[in-house]
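Enquirer: First, the structure itself, so that you have it in front of you.
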Amino acid sequence: MAGTCIVKYARILIRILPVLVMLASCSKHKQAFQSDCNTGTVYKKVSFTELVNHVAKYQHQYIEVSGKYKEGFEQSALFNGGFFSDHSNAKALWVDFSQDCPLYIPGTHIGLFTYNNGQFTQINNRPVTIRGIVDVNDKGHLNQYRATIDRVSFIEL
C-alpha cells in the first residue's frame with residue numbers, strides 16, 4: 001500500500017517538475033547600478049542577520065548586504081527579506097544614498113534616480129544587494145533604525 005502511494009506521488013511530481021523549473025527560470029533580469037565612489041575598496045559580504053545583531057562590530061567598515069528595500073514618506077530602509085523575520089524599524093538599516101556617489105548602470109548614463117523611458121526605476125519592496133559603509137551613530141529618521149548604510153556605491157535589483 002505504501003509503495004502504491006509513493007509511485008502515485010512520484011508520477012505527479014514528474015508531471016509538475018518541468019513547470020516548476022520553468023517558473024524558476026522566469027525570474028527577473030538583475031540590474032546593477034554603481035558609482036565611482038570607493039573604487040578599489042574591498043567590501044565584506046555579511047548576512048543581514050549578522051549585521052543587525054552585531055552592528056557595532058562593523059562600524060566604519062565597507063560591507064555588502066542583501067535584504068528587502070522599502071522607501072516611502074520619510075523612509076529609506078533595508079529590512080530582512082525573510083518571511084518569518086522581525087520587520088520592525090528597530091531591526092532594519094537606514095539607507096543613505098549620497099548625491100556625491102551617483103549610481104549608474106555601468107557604461108550608460110542611466111541613473112538609479114533619473115527619469116528614464118517614462119518612469120523612475122522602481123526599487124520599493126524589492127530584494128536588493130547594497131554596498132556601503134556602516135555608521136552606527138546615525139540611526140536614520142527619528143533614530144528608529146539599527147544603523148545606517150552610508151555612501152551607497154552599489155545596488156543590485
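Enquirer: Could you please let me know if SER98 is closer than 21 Å to ASP150 by Cβ, open to solvent by less than 50 Å² (accessible area, probe 1.4 Å), assigned to a loop (DSSP other than H, G, I, E, B) and hydroxyl-bearing (Ser, Thr, Tyr)?
Expert: yes
Enquirer: From the list ASP138, ASP150, pick out the single residue that is modelled with pLDDT of 95 or more and over 18 Å from the mean Cα position of the chain (by Cα).
Expert: After ruling out the rest, the residue left standing is ASP138.
Enquirer: Would you call SER66 in a loop (DSSP other than H, G, I, E, B) and more than 20 Å from THR39 (Cβ to Cβ)?
Expert: No: the conditions fail for SER66.
Enquirer: Here's a follow-up. Among (1) out of contact with any Gly (no Cβ under 9 Å at 6 or more places or on another chain); (2) in a loop (DSSP other than H, G, I, E, B); (3) open to solvent by less than 50 Å² (accessible area, probe 1.4 Å), there is one condition ASP86 misses while meeting the rest; what is its number?
Expert: (3)
Enquirer: Of these, THR121, THR39, which one is surrounded by 19 or more Cβ atoms within 10 Å (Cβ to Cβ) and either in a loop (DSSP other than H, G, I, E, B) or among the aromatic types (Phe, Trp, Tyr) (or both)?
Expert: THR121
Enquirer: Sticking with this one: From GLY107, GLY81, grab the single residue that is in a loop (DSSP other than H, G, I, E, B) and at positive phi.
Expert: Testing whether each residue is in a loop (DSSP other than H, G, I, E, B) and at positive phi leaves just GLY107.
Enquirer: For residues that are in contact with a strand residue (DSSP E or B) (Cβ under 8 Å, 6 or more places away or on another chain) and open to solvent by 70 Å² or more (accessible area, probe 1.4 Å), scanning just the stretch 46-63, find the one that is farthest from LEU78 (Cα to Cα).
Expert: HIS60
Enquirer: Separate question: Please indicate, with yes or no, whether at least one residue in the stretch 143-155 is under 21 Å from LYS30 (Cα atoms) and assigned to a loop (DSSP other than H, G, I, E, B).
Expert: Within the stretch 143-155 (the criterion being under 21 Å from LYS30 (Cα atoms) and assigned to a loop (DSSP other than H, G, I, E, B)), the answer is no, since none of the residues qualifies.
Enquirer: Scan the stretch 110-134 and report the pairs whose first residue is in contact (Cβ under 8 Å) with a residue 40 or more places away in the chain and whose second residue is outside any strand (DSSP E or B) and of a type in the set (Ser, Thr, Tyr), with Cβ atoms within less than 6 Å and a gap of 6+ or a chain change.
Expert: LEU112/THR121; ARG131/TYR43; VAL134/TYR58
Enquirer: Still on this structure: Hey, SER76 hits all of (1) open to solvent by less than 30 Å² (accessible area, probe 1.4 Å); (2) of a type outside the set (A, V, I, L, M); (3) in a helix (DSSP H, G or I) but one; which does it fall short on?
Expert: Result: SER76 passes all but (3).
The values are calculated or read from the model by the stated rules, or taken from the named source; none is laboratory data. If you're wondering where the values come from, they're calculated on a predicted model, not measured in any experiment. All Cβ positions, even for glycine, are placed from backbone atoms using ideal geometry, and neighbour counts span all protein chains on display. Surface accessibility is based on the protein's heavy atoms, side chains included, excluding ligands, DNA and RNA. Shrake-Rupley method; radii C 1.70, N 1.55, O 1.52, S 1.80 Å.
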